[in-house]
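Data first, discussion second: the structure below is written as C-alpha cells.
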Amino acid sequence: MQMTIAEKILARAAGHKSVSPGEIVEADIDVAMVNDITGPITVEALEEIGIKKVWDPSKVVIILDHQAPPTLIEAAQEHALLRKFAAKNKVQNLFDVNEGVCHEVLPEQGFALPGELIVGADSHTCTYGAFGCFATGIGSTDMAAVFATGKLWFRVPESISVKINGSLKRRVAPKDVILRVIGDIGADGATYRAAEFFGTGIGKISIGGRMTMCNMGVEMGAKAAIVPADNLTKQYLARRAKWSYKEVYSDKGATYVDECEYDLPSLEPQVAVPHNVDNVRHVREVAGIKVDQAFLGSCTNGRMEDLVEAANILKGKKVARRVRMLVAPASREVYMEALAGGVLQKLVDAGAMISAPSCAACMGGHVGILAPGEVCISSSNRNFKGRMGSPEAKVYLASPATVAASALKGEITDPRDV
Amino acid sequence: MAKAWVFDNDISTDDIISGRYLVKRDPKELAKHVLEAMDPDFHSKVSPGDVIVAGKNFGCGSSREHAPIALKAVGVSAIVAESFARIFYRNAINQGLAVLTSKKARDGFKTGDDIKLDVTKGEVINVRTKKAYKAEPLPEFVMNILNAGGILNYLKQRKRR
C-alpha cells in the first residue's frame, strides 16, 4: 500500500505494515517533551494515578522556557517541581531557564530526527516536522500516559500536500510563505490532517525557515507538518543527532486529500492582522499603522538567520523614538552566535533590548506585555486577543524583516521599502 | 435549568485562559479568569451546569490543559460547537468535560436560552424555541471517561476493580 510520510511513520511506530487515515493506532513514542507550563500538570497526574517512574528517562525532555527566568513565585515553584521530578526520575535531559525555547533547544540537542514520532505538551511541537519526523502537540494528561507507558493512541490523519516552487525574492521570508498558506487554508482548514511540504522550492529553504513553516502548521489546525529530509537536514544533524535515524519518504501514488501549490518568486511580504492568524494581508495593505512594540523572537522566528536579517536592516540606524524593540534569541546557542558575530551589537546600537532566551513576549505572561490600545508587530505565531497582555491590544504577525523595518519606521512597513 | 452561552468561531485557548494565569494552576484560581478576554464577568454570571454553544474551531491554539480545567471549574458542564480544535478536544475529554459536535446548534441559540442535552443520543434542545439539533453522539468509552469525571478518575476506578 502506498503511504504518505505521516502514515509511514505512524505505521512503523505502531508496529503495523501499513495504516490508513481514520484508523486508530497505539504507537511507541520516540521522544516526549514537556515545558514549565504543561509539565507540572503531567507530574501531578502521574502522582495521582500512582506512577512512580517514567518509562524511559533517556526519551523524556523537560525544558523550562515560558517563564524563564521566573518573574513570579508561582513560576519559580513550578521550575523547582520539575527539577525535583527530573532528579527523582533520572531524567538527564532537563534544560534549565538559561537554555532557550523548547522548539529550538530540542532540535539543537539532536532529539528531532527523520522518521521519529515525537510528542510534546505544547501545540508548536509540530516544528520538528522540519526534520522529516511526525511531531505533534498533546495535552498534559495525555503526556502522563506517555511518561507512564511510552505509548499513545492516535487517529491516523489524512495528508495534504503543499507544493513550493522557486526561490524567495529579497526580504521575502519563509514566514511570509506560511502566513500565505494559512491565509488560504484557514485557521481550521487542516484540522486532523498532516501537511507535507514538497516541490523544488522547499529544498532551497534553510532548516530555520522550514522550522518556521512547520511551527505554524498548528495555526491551520494541522496535526503535523512535515518537510522530507534532504542534504540540508543531514548537514544540520551531522554533529547533533542523539542516535541513528532512518529517513522516511512518501510513496509515489500515496493519497493526499488536498493539494495546493505556491510560487515563491511572486510572493510578497505578508502580515496576519488581529485577532486571527488566518487574517492574512499583504504588508503594503496595512502599511502605516503605528506600532508601540516590535518583538523579534519565539519558536517561530528567534533563530540566527532571523536576527541577522533584522540586524542588516537596522545596522547603523535607530529604531523609531516611541517604539520598544524587544529581541529574544530562541536559545543560548543562538544568543552566543549572535553575540560572537556582532549581531547583538548592531541590534542594541539601534535601540533594541535583548532578553534572555525564552518565549518572552509571545505568551503574554512574561516580558514585553502590552497596554490597552497598544500595537505590536511580532515575529511570533499568534495574534489572538489578549495573547501579549491586554485584550484591547493588537498584535500583527510578520517576518523578522517586516518587524525590523516597522521598528525602524515606527509603523508597519514593507521591508522592501527601507 | 442550564443556560446557553453563545460564542463565535475560533475561540482560542488564549481566550479561554490567558497566558498570564497559567502558572496559577489551582482550578479555582483559573476559574476566576475563564473567558475573561471575551467577557470579564463571565465567571460570575455563569451557573453550574451551563453550556457553551460555539461556532467552528473551538479551543484552537495552545495545548494548555488549563483551558478545559478552567471551564470545568467555573461550572460549565458541556461545550457544543460546530467543530473543535484537535488538542483541546482530547484535553476536554481527559478532564471529564463533555464536547459535542453539532453543525447547526450555534445559529439556533441566543445567550440565556434554556438548553437541554442528550449526550448519548446526540441531541441539543433549545427549550425556548423548542427546536432540537443533532449532535454527533459520543462513543461508549468516551462516556465512561466523562461519567468518571475524567481519565485519571476513570483509571483509578478501574484499578480498584
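The values are calculated or read from the model by the stated rules, or taken from the named source; none is laboratory data. Since the structure is predicted, the reported quantities are computational estimates derived from the model, not experimental observations. Cβ placement follows ideal geometry from the backbone for every residue including glycine, while neighbour counts extend to all protein chains displayed. For accessibility, only protein heavy atoms count, side chains too; no ligands or nucleic acids. Shrake-Rupley method; radii C 1.70, N 1.55, O 1.52, S 1.80 Å.
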Across the stretch B:118-135, what is the total count of residues that are modelled with pLDDT of 95 or more and out of contact with any helix residue (DSSP H, G or I) (no Cβ under 8 Å at 6 or more places or on another chain)?
7
Hey, does the stretch A:28-39 have a residue that's facing another protein chain (nearest Cβ under 10 Å), open to solvent by 60 Å² or more (accessible area, probe 1.4 Å) and under 27 Å from B:L22 (Cβ atoms)?
no
Output the residues belonging to the stretch A:323-358 that are within 19 Å of the chain's Cα centre (by Cα), under 14 Å from A:S378 (Cβ atoms) and open to solvent by 10 Å² or more (accessible area, probe 1.4 Å).
A:L326, A:S355
Note on B:K72: of the conditions (1) surrounded by 24 or more Cβ atoms within 10 Å (Cβ to Cβ); (2) part of a helix (DSSP H, G or I), unmet is (1)
Against the condition more than 25 Å from B:A67 (Cβ to Cβ), crowded, with 21+ Cβ neighbours inside 10 Å and in contact (Cβ under 8 Å) with a residue 40 or more places away in the chain, how does A:A13 come out, does it pass?
yes
Please list, ordered by residue number, the strands (runs of 3 or more DSSP E) wholly in the stretch B:90-161 having 3 or more residues that are over 23 Å from B:P27 (Cβ atoms).
B:115-118, B:123-126, B:131-134
Please determine whether any residue of the stretch A:343-351 is within 14 Å of chain B (Cβ to nearest Cβ) and modelled with pLDDT of 95 or more.
no
Before we move on, is B:R64 in a helix (DSSP H, G or I) and either open to solvent by less than 10 Å² (accessible area, probe 1.4 Å) or without any contact (Cβ under 8 Å) to a residue 60 or more places away in the chain (or both)?
no
Which one of these is at positive phi and of a type in the set (A, V, I, L, M): B:L22, B:L35, B:L30?
B:L35
May I ask you to list the residues in the stretch A:372-418 that are open to solvent by less than 10 Å² (accessible area, probe 1.4 Å) and of a type in the set (S, T, Y)?
A:S378, A:S379, A:S380, A:S399, A:T402, A:S406
The residue from A:A173, A:A194 that alone is small (G, A, S), within 14 Å of chain B (Cβ to nearest Cβ), more than 11 Å from A:Y262 (Cβ to Cβ) and crowded, with 19+ Cβ neighbours inside 10 Å is A:A194
Anything in the stretch A:399-418 that is in contact with a Pro (Cβ under 7 Å, 6 or more places away or on another chain) and in a loop (DSSP other than H, G, I, E, B)? List them, or say none.
A:S399, A:D414
Number of positions in the stretch A:251-265 that are buried (at least 16 other Cβ atoms within 10 Å of the Cβ) and either without any contact (Cβ under 8 Å) to a residue 60 or more places away in the chain or within 18 Å of A:G186 (Cβ to Cβ) (or both):
2
Taking the stretch A:67-77, which residues are facing chain B (nearest Cβ under 9 Å) and within 23 Å of the chain's Cα centre (by Cα)?
A:Q67, A:P70, A:A75
Being of a type outside the set (D, E) and under 17 Å from A:I138 (Cα atoms) narrows it down to one of B:G61, B:G108, so name that one.
B:G61
Would you point out which residue out of A:G22, A:G50 is closer than 25 Å to B:I151 by Cα, at the interface with chain B (Cβ under 10 Å from one of its Cβ atoms) and in a loop (DSSP other than H, G, I, E, B)?
A:G50
Starting from residues that are touching a His at 6+ places or on another chain (Cβ under 8 Å), assigned to a helix (DSSP H, G or I) and within 12 Å of chain A (Cβ to nearest Cβ), keep the ones in the stretch B:20-46 and report whichever is least open to solvent (accessible area, probe 1.4 Å).
B:L30
Name the residue, out of A:G201, A:G209, A:G221, that is open to solvent by 10 Å² or more (accessible area, probe 1.4 Å) and either at pLDDT below 95 or assigned by TED's automatic domain parsing to the domain that holds A:I138 (or both).
A:G221
Flagged in the stretch A:266-280 as within 26 Å of A:S167 (Cβ to Cβ) and either open to solvent by less than 30 Å² (accessible area, probe 1.4 Å) or touching a residue at least 24 places away in the same chain (Cβ under 8 Å) (or both), in numbering order, are A:L267, A:E268, A:P269, A:Q270, A:V271, A:A272, A:V277, A:D278, A:V280
Scope the stretch A:176-190; condition open to solvent by less than 30 Å² (accessible area, probe 1.4 Å) and of a type in the set (V, I, T); matching residues
A:V177, A:I178, A:V181, A:I182
Within the stretch B:84-100, does at least one residue satisfy the condition of being modelled with pLDDT under 95 and open to solvent by less than 60 Å² (accessible area, probe 1.4 Å)?
no
Since A:V91 meets every condition but one in (1) exposed (fewer than 15 other Cβ atoms within 10 Å of the Cβ); (2) in a loop (DSSP other than H, G, I, E, B); (3) under 25 Å from the mean Cα position of the chain (by Cα), which condition does it not meet?
(1)
Lone unmet requirement of (1) among the charged types (D, E, K, R); (2) in contact with a helix residue (DSSP H, G or I) (Cβ under 9 Å, 6 or more places away or on another chain); (3) open to solvent by 40 Å² or more (accessible area, probe 1.4 Å) for A:D122
(3)
Turns out the helices (runs of 4 or more DSSP H) fully within the stretch A:295-379 with at least 2 residues that are farther than 15 Å from A:V101 by Cα are A:304-314, A:332-340, A:343-349
